[in-house]
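Laboratory data are not the source of any read-out in this text; all were calculated from the coordinates shown. For clarity, every value in this text was computed on a predicted model and none was experimentally measured. Don't worry about glycine lacking a Cβ; one is built from the backbone with ideal geometry, like all the others, and counts go over all protein chains shown.
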Amino acid sequence: MTLTGKGWGRGLTRAHAHPNIALALLGFRRGSAKFSCLSILVLSPSEEAMLARGVLLPSFHLFRKTTCPRLSSYRHLPSPLSSFGYFPSRKGSLSHRTTSSKSGCSSRLPLSAETSAQVDQSLMSLFSTNRLHDKVVLITGASAGIGRATAVLFARAGANVVLTARRTEKLDDAVKECEEANKQGASGKGGKYVAVELDVQKRSNLDALIGQLPDWAKQVDILVNNAGLVFGTEKVGEINADEVDVMIQTNVTALIHLTQIFVREFKKRQRGHVINLGSIAGREAYPGGSIYCATKFAVKAFTSALMKELVDTPIRVTCIDPGMVNTEFSTVRFRGDKATADKVYEGLQPLTGQDIAEEIVWAANRPEHVNIAESLIFPVNQASPYHNHRPNLKK
Ligand SMILES: NC(=O)c1ccc[n+]([C@@H]2O[C@H](COP(=O)([O-])OP(=O)(O)OC[C@H]3O[C@@H](n4cnc5c(N)ncnc54)[C@H](OP(=O)(O)O)[C@@H]3O)[C@@H](O)[C@H]2O)c1
């Protein structure tokens, strides 16, 4: 098998893999100097499984297996790589040799069995989705954007998903995507999906929700409170009163009500995870966003109080705060005016629903004793609701 991947930094990685041994040529550039390093690597069972499924091993994954002190001491090495340190041998089964054309690396003894096991455990923790297998995830607003991408990623990771929203046709399409993603994930786990029509603005709908679910979905493990929206950029005094109600009802009241329902269940079972979608707008208010910002500040406050109330339980509480994400969100804000909506992202690369889905699934996939309390995610050219750089703006 030949693996060719875009390497870490500017380097390239090529590996020729045999059942559990890989020969890897690792190369990268620092300024004008080129470094290369030939390594014989012993693959752990999880890596063997990844290769067998045709998954590319990320180049840092290979790097951490080299025994080159100079490479590892580079200040610019990403921290996970530095912390992986040196080559973990599989219970000392094979010795490890590495040579470098310029950096003067030489062979080094394998790590102790204990440290090797810890390193392998860290890698499993990073790359494996076992913790999500057969979990039941309920997502509001799963018909579009972040919610839909999250449903698909959980499906791929081997979880069962309840997809809820108002637009049932879109939900049905999302269910098909989940089925396909689950096949591609090839975990042999999960594979159960149900689309439930749900307008979160009506409290009676929320009260009836669990009763409507198929048996396999009644015990939800992870609640993703994602449904949310904003209307307009009008200033206080000019805001449509009905739209104020819809924003508060959808973004705050429904989220609180649904959380109450599921926290009661989670407490009975002494397990569960509430993941709420906040926003940068819940950290910094901006003109023209008073109501939306107020709703997201409310989400932040509610989530924070909930986390503190549940501190003596195994129940986890997370708030995910995205910056600019290119979804239908902006089109809804500008009441269907797509041209104006697109201007929000003009000249810069915004986040995608997929980017935020990865944060949500990452938080859910942490070990049970780890709670990602908050996560703030911007596109690289955004630094606050109103600080951004638009390098590709046409003049
Ligand atoms: N996009 C961003 O820049 C951004 C940034 C920060 C935070 N967020 C937050 O991320 C979350 C998801 O937003 P998104 O970007 O994915 O927006 P989106 O593409 O517009 O999706 C919003 C989802 O919410 C659902 N929804 C809206 N009103 C609903 C209601 N009354 N009942 C049930 N579902 C409802 C929509 O489904 P139906 O219309 O089919 O019901 C849709 O699936 C929101 O909470 C938003 O505030 C977004």
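Each peptide in 191-200, 269-278, 144-153 receives the mean, over its residues, of other Cβ atoms within 10 Å, and ordering these scores from highest gives 144-153, 269-278, 191-200. Here's the list of aspartates and glutamates a cross-link from residue 395 could span, going by alpha-carbon distance under 13 Å and ignoring same-chain residues fewer than 8 apart: 346.
What pairs from 218/308; 176/218; 183/394; 300/343 go past 31 Å between their alpha carbons? Provide the component values of the computation, followed by the final result.
Details: 218/308 26 Å; 176/218 21 Å; 183/394 42 Å; 300/343 28 Å.
As for pairs spanning more than 31 Å Cα to Cα, those are 183/394.
Which aspartates and glutamates have a Cα lying under 12 Å from the Cα of residue 296, excluding residues fewer than 8 positions away in the same chain? Here the aspartates and glutamates satisfying the reach criterion relative to residue 296 are 284, 321.
Take the Cα of residue 199, step 7 Å toward its Cβ, do the same at residue 212, and the gap between the two points is 1.1 nm.
By the scheme Lys and Arg +1, Asp and Glu -1, what is the net charge of all other residues having a beta-carbon under 10 Å from that of residue 125? Net of charged neighbours comes to +1.
Distance from the C-alpha centroid of the stretch 283-315 to that of the stretch 205-265: 14 Å, rounded to the whole angstrom.
Computed extension gain for residue 380 through residue 362, at 0.36 nm per residue and net of the alpha carbon distance, reaches 4.5 nm.
The length gained by stretching the chain between residue 112 and residue 285 to full extension, at 0.36 nm per residue less their Cα-Cα distance, is 57.1 nm. Distance from the Cα centre of the stretch 120-166 to that of the stretch 351-395, in angstrom? Centre-to-centre distance over Cα atoms comes out at 17 Å. Distance between the 7 Å Cα→Cβ label points at residue 179 and residue 389: 4.6 nm. Approximating the spin labels as points 7 Å out from Cα along Cα→Cβ, the residue 269-to-residue 257 distance works out to 2.3 nm.
Restricting attention to the stretch 325-383, which trypsin sites (Lys or Arg not before Pro) occupy a DSSP loop and are surrounded by at most 12 other Cβ atoms within 10 Å?
On the way: sites: 333, 335, 338, 343; in loops: 335.
Within the stretch 325-383, the qualifying trypsin sites (Lys or Arg not before Pro) (loop, at most 12 other Cβ atoms within 10 Å) are 335.
Relative to the current alpha-carbon distance between residue 335 and residue 134, full extension at 0.36 nm per residue lengthens the span by 68.5 nm.
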